[in-house]
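Inspection log for the structure reproduced underneath, given as structure tokens.
No lab work stands behind these numbers, since they all come straight from the coordinates. Everything numeric in this text was worked out from a predicted model, so none of it was measured. A quick note on method: Cβ atoms are made from the backbone with ideal geometry, for glycine too, and the neighbour counts reach across all protein chains shown.
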Amino acid sequence: MVTKTLPRKSAGNRHRVLHLNPVPTARLIAVVSLLLIGLGGLAIRLGWLQVREGQKLEAKARQVQTEKLDPLGRRRSIVDREGRLVAIDEERVTVWAHPRYFHFPGDDPGQRRSTREVAIRLAPLLGLDPDLLVARMGKQRSGVKLATNLEPSIGSRLKALRIDGIDFEHGPQRIYPQGPLFANVVGFLNLERVPQAGLEQSLERDLRSQESSIGIRRGGDGTPLPDGLKAGSMFRDDLKLQLTLDTRLQRVAQMELARQVKKWSAKRGVAMVMDARNGELLALTSVPTYDPNQFWRHKPGLFREWSVQDIYEPGSTFKPINIAIGLQEKVLNASTRVNDTGSLQIGGWPIFNNDKSAYGLIDLPTTLQVSSNVAMVKAMQKLKPAIYWQWLDRIGIGSAPDTDLPGAVSGQLKSRSTFIENPIETATAAFGQGFALTPLKALQLHGMLVNGGKLVSPHITRGLRSGDNLATAGPANGLQMLDPAVCALVLNWLETVVEKGSGKATQVPGYRIGGKTGTAQKAANGVYISGARITSFVAHLPINDPRYVVLVVVDEPQGGNAYGSTVAAPVAKSIIEALLVIEQIPPNKPSISNKTLSKA
């Protein structure tokens, strides 16, 4: 209805009167219809959103209301046997530049600073030349990485400059406090924190800290809400990996080994110390090495530990193992003597002593002292080739040692038929050639002699430990392979090598030490390399209470006087002296005389 006002007179005033006129029916119907259509559309849309789009919209809402925090990828620390840090994650800062936003505090809003102006302010704190920073930024407008691996304190000082266009990225950085000292076994992480070598790679799962993604609910103003966190969601374990290695002994071994490798212009070298009772390695160092904190400066060939991944012919250091096998099979005994004629022919092949000497009728202790090849061949000829091969196979010449060292490989042993049918194979094996093994395997086999005939598994880890707790040395163990009396007799004979033979360089006053030198031809692809040799020395101590084995191998030393006694033995002596102090081994009784040994 439409109203209309009409004038009326009252008391001298004029008033309007409102008259109501009816609304046209068609118009009313049109308005109501439009309203119903609108409400119907809203209802349909609401139903569509609730039924068809509900889950998608709910997910979007949760995405806005919650924040997912991914783990930083922290790694557990690595410590030596005494808890000294070997590897650790520390907070570091990466500095990024966005030149198009460069602005100093107090500048006009529209003013933009040049890359040189910013570089001049940053350079003193970064310790870099301004020209270098300008060159890094070049003409890029954003996303330029200026510096990485900065201490948090430096990052704070850079932030205090309040330069717009400079961003800071905080995150964990793997640091190796000992530098190159443990690089050969621990390995490293690359710039993307991906493990590339050593224990970092082989124990990747164990070294990852137990972190998980966390979802945090936020209120309308962005404030985190505590009801979105579950119990333990912020937990971070304090576990660390404990090694069996000793930093002090490792440092001595690396320093002395590096000195000899340089002195003799050798290709490389390795030094190892093992507690033969439980297989724990106290030192394992190789030269040349690299700095895992700056791995990009070194050749990738250095990233592998050759003492567990490369094989060599052990030479004379294997003679004590052969003698132990002969004694075990009772084809040799304490009174055995052989006639060293200086040379002999086996299957048309000539065999000589290293010094071309002929020692005549000699006993087994003398055979070890002078390292006679001819005497060893004649002694091992008393053992049937089939039984000899069985022993070489049984002690694992052709298999990899059971170890936690990454990348350990198996040795090479001729097939049973080849070994038995060719007399030259048994002859060369008698003085440690014609088969190959890794230095780690050689260390394990000499540990068998020290451990009373028990073959242990060499290892360098004691497992994960919590907080400040450290594991103690593991119990004595091993698989019994030889009679303890046989091993004791061989060790006594090895003591005479240090007293009277080629191992004199490792004598330490007041201590009974056994040992054996080795100088072997070097082979590649089945062919001996002219003039190339591998020198080695293995020590056993203390003879009165056998426990430790020290092995030093130097590859391709140069010079006419390069032998195990001149190249490897001096390194072994320095390591032994340090070991005696670190393990607090007291001096023992004077060594038994050769006369007493000959009657044993």
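The figures follow:
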{"quantity": "Long-range HN-HN contacts of S410 with modeled amide H, under 5 Å", "calculated": "A400"}
{"quantity": "Bins of 5 Å from zero: percent of alpha-carbon pairs in the range 297-408", "calculated": "2, 10, 17, 18, 16, 12, 9, 7, 5, 2, 1, 0"}
{"quantity": "Residues whose placed amide H lies under 5 Å from that of S77, excluding near-sequence neighbours", "calculated": "L241"}
{"quantity": "Order by protection proxy (mean Cβ within 10 Å, highest first), peptides 506-519, 255-268, 311-324", "calculated": "311-324, 506-519, 255-268"}
{"quantity": "Label of the coordinate-derived value, mean projected area of the Cα convex hull in nm², listed as (1) 50.3; (2) 26.5; (3) 30.1", "calculated": "(1)"}
{"quantity": "Convex hull of Cα atoms in the range 115-162, direction-averaged projection (nm²)", "calculated": "3.3"}
{"quantity": "Whether the range 471-526 is rounded, prolate or oblate, judged on the alpha carbon gyration tensor where a/c under 1.5 counts as rounded", "calculated": "oblate"}
{"quantity": "Amide proton proximity set for L282, modelled H, under 5 Å, gap of 5+", "calculated": "V273, M274, D275"}
{"quantity": "Under 13 Å from the Cα of K454 - aspartates and glutamates, other chains or at least 8 residues apart", "calculated": "D275, D483"}
{"quantity": "Within the chain, helix-based [θ] at 222 nm, where runs of 4 or more DSSP H residues each add -39,500 (n - 2.57), nearest 500", "calculated": "-9500 deg cm²/dmol"}
{"quantity": "Listed residue pairs exceeding 29 Å between alpha carbons, taken from K378/K522; K240/K573; K299/K522; K441/K500; K384/K504", "calculated": "K240/K573; K384/K504"}
{"quantity": "The range 234-332 shape via C-alpha gyration tensor axes, a/c threshold 1.5", "calculated": "oblate"}
{"quantity": "Ordering of 286-297, 488-499, 464-475 by burial proxy (mean other Cβ atoms within 10 Å per residue, highest first)", "calculated": "488-499, 286-297, 464-475"}
{"quantity": "Under Karplus coefficients 6.51, -1.76 and 1.60, residue-wise ³J(HN,Hα) of the range 258-266 in Hz, glycine/proline x", "calculated": "4, 5, 6, 4, 5, 4, 9, 6, 7"}
